[in-house]
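Encoded as structure tokens, the structure appears first; notes follow it.
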Amino acid sequence: MRPIGEIADEQQAKLFGDYLFVRGIENEVDEDGGEWTIWVHDDDQLEAASAELEAFLENPRDRKYRKARTRADGMRERLAEDDEHARRRQVDVRTEIFGRRFAATPHLTYGLMGLCVVMFILLETEMGEGLRQALSITAILREGHMIKWNPELPEVLKGEVWRLFSPAFLHFGFLHILFNMMWLHRLGGEFESRLGTGWFALFLLVAAVVSNVAQFWINLPPVFEYGPQFGGMSGVVYALAGHAWMRGRRDPRSGIELDESTFMFLMIWFFLCFLPFMPIANTAHAAGLLVGLAWGWVASMRTR
């Protein structure tokens, strides 16, 4: 950094400094002995900066200098925002968990994971059938290889409202629960830590209810089968993924994001689940994803 000259008036010195900044010449303006010295950071720009100083001293009232001040203020604001965003994205290895830095311990996320694991274990015991009947969206009646159910959700109408979201706690295989718990930890933990347990609980409730009700009622065979025999946290997981992807694209300063490669992996799996030999709750996945995308869109609009 080297000086290129002095300007007696402070306001004019700062005005010229703003003009250089807009021109892409990094500089500093310091007071020294009653005069203001212009310092240029890059030696390769000394000649250009000196020429600009001569032109400024000849006509400091030129309108281009006044215009530069307004532009410089805007540029500095954008740079400050970019710096803040970059700072928030830096990973502190001392608090890194599975590759993500959490602002606070996601207690609700851990609680949900523990509850799902307990339910998974109990389903394999003598209590399993009764537990499944109690937590499914509606009770089923088995007649040989056939099952029957009431599409009007009589249990919910009688006050068993937990059935609208409790199917999310049911998992029917090791890979099923492993996949869902891995993504719930990754995505739910970030959501809860960034936005708070209250918002996460509300999001979880909405995503679970919408995806479960859609899975129960929407009948579009063969890829969107309906009925009460479903369960799992995957509708919520896809809601979290959709929200993180949309929020990261439209509101990167929120700190909630999902990189393109991870989102692409989840979408590939989403479409693979349409294969006829995979008994997957595709409607719940689709409904959850739409909830997350819509929620992320609305949330990003509110911050603009």
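Readers should treat all values here as calculations from the given coordinates under stated rules, not as data from a laboratory. Computed from a predicted structure; not experimentally measured. Every residue, glycine as well, gets a Cβ built from its backbone with ideal geometry; the counts of neighbours run over all protein chains shown.
Checking the a/c ratio against 1.5 first, then a/b against b/c, what shape does the Cα gyration tensor give for the chain? Here the chain falls in the prolate category.
Given the Cα-Cα distance of E47 and M1 and 0.36 nm per residue of separation, how much length would full extension add, in nm? So the chain would gain 15.3 nm between E47 and M1. Take 47-53, 258-264 and order them by the average number of nearby Cβ atoms within 10 Å per residue, most first; the result is 47-53, 258-264. Shown in residue order for the stretch 126-142 are the 3J(HN,Hα) couplings computed by the Karplus curve 6.51 cos²θ - 1.76 cosθ + 1.60 at θ = phi - 60°: 5, 7, x, 5, x, 5, 5, 5, 6, 9, 5, 5, 7, 6, 10, 10, 8 Hz (x for Gly and Pro). From most to least packed by mean Cβ count within 10 Å, the peptides 180-187, 125-132, 205-212, 236-243 give 236-243, 205-212, 180-187, 125-132.
Bridgeable lysines around K64 (alpha carbons under 29 Å apart, same-chain partners fewer than 8 residues away excluded): K14. Straight Cα distances below 29 angstrom link K148 to the lysines K158, with same-chain residues fewer than 8 positions distant left out. Principal-axis analysis of the Cα atoms of the chain puts helix 234-250 at an angle of about 10° to the longest axis. For the stretch 157-292, just say rounded, prolate or oblate: build the C-alpha gyration tensor, square-root its eigenvalues into a ≥ b ≥ c, call rounded for a/c under 1.5, and beyond that prolate if a/b exceeds b/c, oblate if not. Here the stretch 157-292 falls in the oblate category. Helical runs assigned H by DSSP (4 residues or longer) give the chain a calculated mean residue ellipticity at 222 nm of -18000 deg cm²/dmol, each run adding -39500 (n - 2.57) before division by the residue total. Nearest 10 degrees, 0 to 90: what angle lies between the long axis of helix 10-22 and the longest principal axis of the chain (Cα atoms)? That works out to roughly 50 degrees. For the chain, take the longest principal axis of its alpha carbons; what is the angle in degrees between that and the long axis of helix 46-58, to the nearest 10 within 0 to 90? The angle comes out at about 60 degrees.
3J(HN,Hα) along the stretch 144-155, derived from phi through the Karplus expression 6.51 cos²θ - 1.76 cosθ + 1.60 where θ = phi - 60°, amounts to x, 8, 9, 10, 10, 8, 9, x, 8, 6, x, 5 Hz, with x in place of Gly and Pro. When each of the peptides 146-158, 167-179 is scored by how many other beta carbons lie within 10 Å of its residues on average, the order from highest to lowest is 167-179, 146-158.
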